[in-house]
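Nothing in this text is a laboratory measurement; each read-out follows from the coordinates by a stated rule. Being a predicted model, the structure only gives us computed values, none of them experimental. Neighbour counts are summed over all protein chains in view; Cβ atoms, including those assigned to glycine, are modelled from backbone coordinates with ideal geometry.
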Amino acid sequence: MASKRALTPVAEALARVLDGADALPEEMVALDDAYHRVLARDVAALRTQPPEAMSAMDGYAVRAQDASSVPVTLRVAGEVAAGRPFDREIGKGEAIRIFTGGVVPKGADAVVVQEDTTRDGDTVTLNEAARPGRHIRLAGIDFQEGDVLLRAGTRLNERDLALAAAMNHPRLPVRRRPKVAFLATGDELVIPGTTPKPGQIVHSNGYALRALARREGAEVIDLGIARDTLDDTRAKIRHAREGGADVLITTGGASVGDHDVVKQALEAEGVEIAFWRIALRPGKPMMHGRGGAMRVIGVPGNPASSYICSFLFAVPLIRALSGRRDVHQVAEHAILGADVAANDHRQDYLRARLTLTDNGPPVATPVDQQDSSLLGNLAAAQVLIVRPPHAPAATAGSPCVVFRLPA
């Protein structure tokens, strides 16, 4: 049996997983297809916004010098609506009826809102003094042509798409989505909706892991369930490679039992294993390797182990391949809601509920049972409490570090 020293530390394991994980190639996509895609390069504005000075209110465009004292009556010389500019310069003693978004006529330098005016045919009386620049959006107040407003590595949200459209970009350069293939292994697994026979269990891991990958923007390939034979497992690994998978994630079959054939099958298919078994709880039997351009992460079959390993290692890998800047999970500070025992040589990730407080840091309370087979407790958790190797016992109220799980 391997010694404790043979276990790869978590930080080293993550560094190996991310080693050489460069962003995938660029492709151009339409704006409607760019949501949550990652920009491949900086994007500059192709136009100035607004292109000309525009009214911010419905009212009358005037020369402020004609309306510095009120009441004053001016002649209404025309009208400006959005998209229909005035065709000449405003003259002395004139006012131009203007609507929100209308181009401010040349010579006008203020807008008086309609609520502060009284209209009488072709004249308007202003009851509020005009001030230069009042209710006018100057040209370029939002951005100027050439301004770089969207940066490479940004995962585009809905506001970014609106900005890109205003910048006059119908398409955007984004990174190709990573293709992530998922392979479950085990003769005991059956799909949901099946009545399990003695010794069988309903397969659940794949649904969580595929959803996690989709959340991060990956294109998902479901390889189904491989039987516990070398031939079937190898065939499905080949299917992943032939399907262009950038990442293959296997669940189950990574331990040391006689029926755990995943490592053997991977090596038979040319995958070079970088590490197998890490100083992590839950998830010690996790493995990682590469076969050509395809990266492999093999996670254990227990639900909590498979999910936490994927959260800690597969998610950063998908982000790195996507070209994102925020590759790593973000550590947050909390306080313990219950006592925790001293830790051993493995880094521990305790499933915990999170309670917000009015004035202080949130409270992270470990769920009652940390068994890696328990899905109910995993689903009930909002965070993982990170316990470093050999961490001493800690009492309720002590500070701790947590990773927030996806909501």
Defining a contact as two alpha carbons under 8 Å apart and six or more residues distant in sequence, what relative contact order in percent does region 75-186 show? 17
DSSP-defined beta bridges in region 1-122 - what % are antiparallel, rounded to 5: 65
Taking Lys and Arg as +1 and Asp and Glu as -1, residues besides residue 301 with C-beta under 13 Å from its C-beta add up to -3
With both partners inside region 331-404, how many of the DSSP beta bridges are antiparallel, as a percent to the nearest 5? 90
Under 18 Å between alpha carbons, and skipping anything fewer than 8 positions from residue 236 in its own chain: which lysines qualify? 179, 263
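Grab the other residues whose beta carbon is less than 9 angstrom from that of residue 377, score K and R as +1, D and E as -1, and report the net.
Working: positive: 351; negative: 368, 371.
Result for the neighbourhood of residue 377: -1.
Antiparallel DSSP bridges in the chain: what percent, to the nearest 5? Mind dumping the intermediate values first?
On the way: 58 of 86 bridges.
Antiparallel bridges: around 65 percent, rounded to the nearest 5.
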Among 248, 374, which comes first, then next, by fewest other beta-carbon atoms within 10 Å? 374, 248
Using label points projected 7 Å from each Cα along Cα→Cβ, tell me how many nm separate residue 89 and residue 190, to one decimal. 8.7
Proxy exposure order for 286, 57 (fewest C-beta within 10 Å first) is 57, 286
For the chain, modelled as a GNM with alpha-carbon contacts under 10 angstrom, which of 141, 278, 335 fluctuates the most? 141
Amide H to amide H under 5 Å from residue 286: which residues, 5+ apart in sequence or cross-chain, H placed 1.01 Å off N in plane? 277, 278
